[in-house]
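Chemist: Pasting in a structure now, in structure tokens, and then I'll have a few things to ask.
The values are calculated or read from the model by the stated rules, or taken from the named source; none is laboratory data. Computed from a predicted model, the values in this text were never measured in an experiment. Cβ coordinates were reconstructed from backbone atoms using ideal geometry, including for glycine residues, and neighbour counts include every protein chain displayed.
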Ligand code: PLP
């Protein structure tokens, strides 16, 4: 097996206190692993900048809550932290970044239900470089289409076995939606529910902003900036990026809001983004071919929010 991007693997193995480094060019999984046979497991994708993983605690917390939703018993946080450190250090020493600005790595944590009959999960950390496309889209922005996710916005509460708020390995539908968008000439997708609500992207959270100018009562102008995301109980994954950015934006004086949102709200916004841990803040230029917001305002808000987001550890 050859892989274009250099990948480092570290398996969580009780016999190795800092994790067991494995050769990513050799087979490492049993064919009967339920991650492979059923897509049964959970994962996290995180960004390491200059060797430091961003929002590590939030990702570890979400890994635990995803695992709980699937009744998966996973190793403790300390072993994850040490294995992540091993993987990042190994990657940076084997494949140093060409420049400090390029020192970005994707750190993926994977848990499967394990080999059939074994009764214990298979867990590993995978470290690889960040893809060029995502990095470019932070700058250029993206064109998006709306696609029906096939469920209503109340399904998470009604049907917990659908695991709506968990980050499960079953991403085939999300990837199919992205391929469908690419065939239509778009870069990405915003899912909508069958009752007409805006949900999320296949690998990202939706954000929109409104800027309002009003009389401040003292002869000046007051500018109100409002950042809005879909309701977290609408069957979407709670984004660690959205959570962290909302906290930073609040401190910086932004008003915050949580849906419900409809497609019209996106079309009427001053700016829309898809936000996620690896690609960060990607401005949405068009939705279903319609231009979103005003380019000058979008650019200014993107710069401001990107700076706030970059300051998050
Ligand atoms: N929603 C979905 C379905 C995702 O897969 C992701 C990330 O991969 C997100 C939202 C954004 O989450 P985060 O900001 O934690 O990366």
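Chemist: Can you pull out every residue in segment 170-196 that is within 16 Å of the ligand (Cβ to nearest atom) and part of a loop (DSSP other than H, G, I, E, B)? Outline the logic, then answer.
Modeler: Step one: list which residues in segment 170-196 are within 16 Å of the ligand (Cβ to nearest atom), which gives 170-181, 187-193.
Hits for segment 170-196 are 170, 171, 187, 193.
Chemist: Being in the same structural domain as residue 148 (by TED's automatic domain parsing), more than 15 Å from residue 144 (Cβ to Cβ) and touching a residue at least 24 places away in the same chain (Cβ under 8 Å) is the requirement here; does residue 268 meet it?
Modeler: Numbers: in the same structural domain as residue 148 (by TED's automatic domain parsing): yes; more than 15 Å from residue 144 (Cβ to Cβ): yes; touching a residue at least 24 places away in the same chain (Cβ under 8 Å): no.
No: the conditions fail for residue 268.
Chemist: Give the residues of segment 232-244 that are surrounded by 17 or more Cβ atoms within 10 Å (Cβ to Cβ), on the phi < 0 side of the Ramachandran plot and more than 9 Å from the ligand (Cβ to nearest atom), sorted by residue number.
Modeler: 232, 234
Chemist: Condition first: under 26 Å from residue 160 (Cα atoms) and either within 16 Å of the ligand (Cβ to nearest atom) or assigned to a strand (DSSP E or B) (or both). Can you find one or more residues in segment 213-229 that meet it? Quick ask: steps written out before the conclusion?
Modeler: Here is the first cut: in segment 213-229, the residues under 26 Å from residue 160 (Cα atoms) are 228-229.
Retained after the next criterion (residues that are either within 16 Å of the ligand (Cβ to nearest atom) or assigned to a strand (DSSP E or B) (or both)): 228-229.
The answer is yes; a qualifying residue exists.
Chemist: If a residue must be assigned to a helix (DSSP H, G or I) and touching a strand residue (DSSP E or B) at 6+ places or on another chain (Cβ under 6 Å), how many such residues does segment 132-169 contain?
Modeler: We begin by selecting, within segment 132-169, every residue assigned to a helix (DSSP H, G or I); these are 132-140, 155-158, 160-162.
Going one step further and asking which of them are touching a strand residue (DSSP E or B) at 6+ places or on another chain (Cβ under 6 Å), we end up with 137-138.
So the answer is 2.
Chemist: Can you name every residue in segment 29-47 that is within 21 Å of residue 165 (Cβ to Cβ) and assigned to a strand (DSSP E or B)?
Modeler: Residues satisfying the conditions are 41, 42, 43, 44, 45, 46.
Chemist: Please find, among 214, 234, the residue that is under 23 Å from residue 199 (Cβ atoms) and at pLDDT below 95.
Modeler: On the way: 214 fails: under 23 Å from residue 199 (Cβ atoms).
Testing whether each residue is under 23 Å from residue 199 (Cβ atoms) and at pLDDT below 95 leaves just 234.
Chemist: Let me ask another. Return the residues of segment 197-212 that are part of a strand (DSSP E or B) and more than 10 Å from the ligand (Cβ to nearest atom); say none if nothing qualifies. Write out each step before concluding.
Modeler: As a first pass, look at segment 197-212 and keep what is part of a strand (DSSP E or B): 198, 201, 204-212.
Across segment 197-212, the qualifying residues are 198, 207, 208, 209, 210, 211, 212.
Chemist: Only one residue in 269, 282, 252, 303 is within 19 Å of residue 135 (Cβ to Cβ) and away from the ligand (no atom under 16 Å from the Cβ), so which one is that? So that I can check it myself, show each step before the final result.
Modeler: Details: 269 fails: within 19 Å of residue 135 (Cβ to Cβ); 282 fails: away from the ligand (no atom under 16 Å from the Cβ); 252 fails: within 19 Å of residue 135 (Cβ to Cβ).
Result: 303 is the single residue among 269, 282, 252, 303 that is within 19 Å of residue 135 (Cβ to Cβ) and away from the ligand (no atom under 16 Å from the Cβ).
Chemist: Same structure, new question: What about residue 276, is it within 16 Å of the ligand (Cβ to nearest atom) and either under 27 Å from residue 193 (Cα atoms) or surrounded by 23 or more Cβ atoms within 10 Å (Cβ to Cβ) (or both)? Give the steps one after another, and end with the answer.
Modeler: Numbers: within 16 Å of the ligand (Cβ to nearest atom): yes; either under 27 Å from residue 193 (Cα atoms) or surrounded by 23 or more Cβ atoms within 10 Å (Cβ to Cβ) (or both): yes.
In short, yes.
Chemist: Check residue 248 against each of (1) in contact with a strand residue (DSSP E or B) (Cβ under 8 Å, 6 or more places away or on another chain); (2) in contact (Cβ under 8 Å) with a residue 40 or more places away in the chain; (3) over 17 Å from residue 211 (Cα atoms) and name the one condition it does not meet.
Modeler: (1)
Chemist: Ok, one more. Quick one: in segment 202-223, of everything that is more than 22 Å from the chain's Cα centre (by Cα) and closer than 18 Å to residue 272 by Cβ, which residue is surrounded by the most Cβ atoms within 10 Å (Cβ to Cβ)?
Modeler: Restricting attention to segment 202-223, the residues satisfying the condition of being more than 22 Å from the chain's Cα centre (by Cα) are 210-223.
Keeping just the survivors that are closer than 18 Å to residue 272 by Cβ gives 210-212.
Numbers: 210: 19, 211: 16, 212: 11.
Checked segment 202-223; the qualifying residue surrounded by the most Cβ atoms within 10 Å (Cβ to Cβ) is 210.
Chemist: Let me ask you something else. From 5, 58, which residue is loosely packed, with under 14 Cβ neighbours inside 10 Å and either at pLDDT below 95 or not in a loop (DSSP other than H, G, I, E, B) (or both)? Don't jump to the end; show me each part of the working.
Modeler: Numbers: 58 fails: loosely packed, with under 14 Cβ neighbours inside 10 Å.
Step by step, each of 5, 58 is checked, and only 5 is loosely packed, with under 14 Cβ neighbours inside 10 Å and either at pLDDT below 95 or not in a loop (DSSP other than H, G, I, E, B) (or both).
Chemist: I've got another one for you. Going by what's in this entry, would residue 74 be described as part of a loop (DSSP other than H, G, I, E, B) and modelled with pLDDT of 95 or more? Write out each step before concluding.
Modeler: Details: part of a loop (DSSP other than H, G, I, E, B): yes; modelled with pLDDT of 95 or more: yes.
The answer is yes for residue 74.
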